[in-house]
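This report concerns only the one structure given below.
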Amino acid sequence: MIPFKRVFDENRGLVIPVAAALVLNVIAYVAIVYPLGVRVRNAGRREETAASELLAAQRDDQASAAMLQGRDRTDTALKAFYKDVLPNSLASANRITYLRLAQLAEQHHLRYSHRSAEPETNPQGPLTRLRITTVLEGDYQNVRRFIYQLESGPDFIVIDSMTLNQDPEAGAPLQLSLSLSTFYQPEHGA
Amino acid sequence: MLRTNLSTKPFYNERAVHSAVALVGLVAVVLTLFNVTQIVLLSRRQSDLNGRAAAAEQQARQLRSHAASLRKTIDPKQLDAISGAAREANVLIGQRLFSWTDLLNRLETTLPDDVRITAMRPRVEKDGAVTVVMGVVGRRVEDMDRFMANLEANGSFADVYAREENGTQDGLRLATIEGRYLPK
């Protein structure tokens, strides 16, 4: 049997420091290392939360910037559309639908039998519509060419609808009723 | 056999005791190294994580504040007006791009001899689809039906139907035909 007391007494100088070192290590682990590990895990969670918040904030910032850019781009494009594509006044709208339509009809041997025009404001939008009703007479092929020229031309004229009529008696010309529109931005104060 | 130990200082294996103490001492050294390493590593990691979290929180605050200041410069009424104007412009451009020539070409290839188109009106729906309403005159219902079948068969139209039909005094059928136009 090992005489523990004697062994301890005889090796006190070695056993006590080693035992103290062991105990101190256990105390250090419980008091310092483990809580530090917990704090690191918490810091990790805080960092993850902060990273996802940062991502959300970046998206928010990008969305706001995109909204601003989109507004500016749309505004610029709209201004260019109003200035470069659409007629800039009632007079200009009238010119492209009155003189040029008459010239186009004449060019395609169509007889201009009626034309009426009326501006129509849109309270919800910035554009005023000039609605034109026109009646032309001629043969079908010329009507087709006229329509092609009208829709492929540079002027912003929209064909809203068309009505074709032909008298049943032989040789009667085809009657084309066109409902057209063009749009313009009224000048300020107009 | 004599079993009693008569020595005043009985023998025990000192080497084994020293070895055991040395082993425990080694464990203590390893534990000390482990604890010290953990303390250093964990402290650095904590400091690093806290620093990154603080930086991210700070940056997030700045970005949110920047986003809020950007949004403040946007007038909602002005934005609505621009959106409305853009929608209107897109609808107008869509109408302007509608090709009547293409529509007439396709109708010519589908129109039976005894059917005549008297009126046409395209309508741009909210989803961008184009519905064409046509006034058609023919002698017989069969001809009208063939016309509608032809429109769908050549892929020009879908969902074609006769919305209304009346007979005239001279025996003709007057129909209003509606269908979803499928431009090329």
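Under a cut-off of 30 Å between alpha-carbon atoms, report the lysines in cross-link reach of A:LYS5, not counting same-chain residues fewer than 8 places apart.
B:LYS9
Using only the alpha carbon atoms of segment A:107-181, find the Kirkwood hydrodynamic radius as the inverse mean reciprocal pair distance, in angstroms to one decimal.
13.5
Could you sort the residues of segment B:118-152 by number and keep only those whose accessible area is reduced by 30 Å² or more in the all-protein-chain setting relative to the chain alone, 1.4 Å probe?
B:THR118, B:MET120, B:ARG121
What dipole magnitude, in Debye to the nearest 20, does segment A:38-94 give about its Cα centre under +1 on Lys/Arg Cβ and -1 on Asp/Glu Cβ?
With only Lys, Arg, Asp and Glu charged at Cβ, the dipole is about 200 debye.
So, with a 1.4 angstrom probe, what is the percent of accessible area on chain A that is carbon and sulfur?
Answer for chain A: carbon and sulfur cover 57 percent of the accessible area.
Applying the Karplus parametrisation 6.51 cos²θ - 1.76 cosθ + 1.60 with θ = phi - 60° to the phi angles of segment A:114-126, what ³J(HN,Hα) value in whole Hz is obtained for each residue in order, glycine and proline being reported as x?
Those phi angles translate into 7, 8, 9, 9, 8, x, 9, 7, 10, x, 8, x, x Hz.
Run a plain Debye calculation on segment B:1-137 (Cα atoms as equal point scatterers, no solvent) and give log10 I(q)/I(0) at q = 0.09, 0.15, 0.20, 0.22 Å⁻¹, rounded to two decimals, same order as the q list.
-0.73, -1.00, -1.19, -1.26
Determine the total buried accessible area between chain A and chain B, counting protein heavy atoms only with a 1.4 Å probe; round to the nearest 100 Å².
What A and B bury together is about 5700 Å².
Using Cα atoms only, what is the angle between the long axis of helix B:141-153 and the major principal axis of chain B, expressed in degrees (0 to 90) to the nearest 10?
30
Just the number please: accessible area per residue for segment B:92-167, 1.4 Å probe, all protein chains included, in Å².
Averaged over the residues of segment B:92-167, the accessible area is 52 Å².
Can you give me the angle between helix A:140-152 and the longest principal axis of chain A, using Cα atoms only, in degrees from 0 to 90, rounded to the nearest 10?
Result, in degrees: 40.
In whole Hz and in residue order, list the ³J(HN,Hα) couplings for segment A:43-59 that follow from phi through the Karplus curve 6.51 cos²θ - 1.76 cosθ + 1.60, θ = phi - 60°; x for Gly and Pro.
5, x, 5, 5, 5, 5, 4, 5, 5, 6, 5, 5, 4, 5, 5, 5, 5
Hey, could you get me the Stokes-Einstein D for segment B:67-184, Kirkwood radius over alpha-carbon pairs, 37 °C and 0.692 mPa s, rounded to whole µm² s⁻¹?
199
Count, for each residue of A:56-64, the Cβ atoms from other chains sitting within 10 Å of its Cβ, then give me the mean as a whole number.
Per residue, the number of nearby Cβ atoms from other chains is 6 on average.
From the backbone phi of segment B:88-97, what are the Karplus-calculated ³J(HN,Hα) couplings (6.51 cos²θ - 1.76 cosθ + 1.60, θ = phi - 60°) in whole Hz, Gly and Pro given as x?
4, 4, 5, 5, 5, 5, x, 5, 5, 7
Cα axis of helix B:14-72 to longest principal axis of chain B: angle in degrees, 0 to 90, nearest 10?
30
Straight-line reach from B:LYS184: which lysines fall under 24 Å, measuring Cα to Cα and dropping same-chain residues less than 8 apart?
Of all the lysines, those that pass the test against B:LYS184 - Cα under 24 Å, at least 8 places apart if same chain - are B:LYS126.
Taking the mean number of other Cβ atoms within 10 Å as a proxy for protection, how do you rank B:95-105, B:156-166 from highest to lowest?
Ranking the peptides B:95-105, B:156-166 by packing returns B:95-105, B:156-166.
What accessible area per residue comes out for segment A:74-117, rounded to a whole number of Å², with a 1.4 Å probe?
Per residue, segment A:74-117 has 62 Å² of solvent-accessible surface.
Counting other Cβ atoms within 10 Å of each Cβ, which trypsin sites (Lys or Arg not before Pro) in segment B:1-72 have at most 14 and sit in a DSSP loop?
B:ARG3
Can you give the net charge of the other residues whose Cβ lies under 14 Å from the Cβ of B:GLU152, counting K and R as +1 and D and E as -1?
0
With no solvent and one equal point scatterer placed on each C-alpha of the protein assembly as shown, evaluate the Debye formula and give log10 I(q)/I(0) for q = 0.06, 0.09, 0.12 Å⁻¹, two decimals.
-0.52, -0.76, -1.01
Enumerate the whole-percent occupancy of each 5 Å bin, from 0 to the last occupied one, for all C-alpha pair distances of segment B:138-180.
Whole-percent P(r) values from 0 Å outward: 6, 24, 31, 19, 13, 5, 2.
Over chain B, what is the relative contact order in whole percent, taking alpha-carbon pairs under 8 Å and six or more residues apart?
14
How do the peptides B:81-91, B:120-130 rank, highest first, by the average count of neighbouring beta carbon atoms within 10 Å per residue?
Per-residue mean Cβ counts within 10 Å order the peptides as B:81-91, B:120-130.
Would you mind computing the Rg to Rh ratio of segment A:51-167 from its alpha-carbon coordinates, Kirkwood style for Rh?
Reported Rg/Rh (Cα atoms, Kirkwood Rh): 1.24.
The values are calculated or read from the model by the stated rules, or taken from the named source; none is laboratory data. The model shown is predicted, which means the values in this text are computed figures rather than measured ones. Heads up, the Cβs are rebuilt from the backbone with ideal geometry, glycines too, and the neighbour counts pull from every protein chain shown. Areas reflect the complete protein model, heavy atoms only, side chains present, ligands, DNA and RNA absent. Shrake-Rupley method; radii C 1.70, N 1.55, O 1.52, S 1.80 Å.
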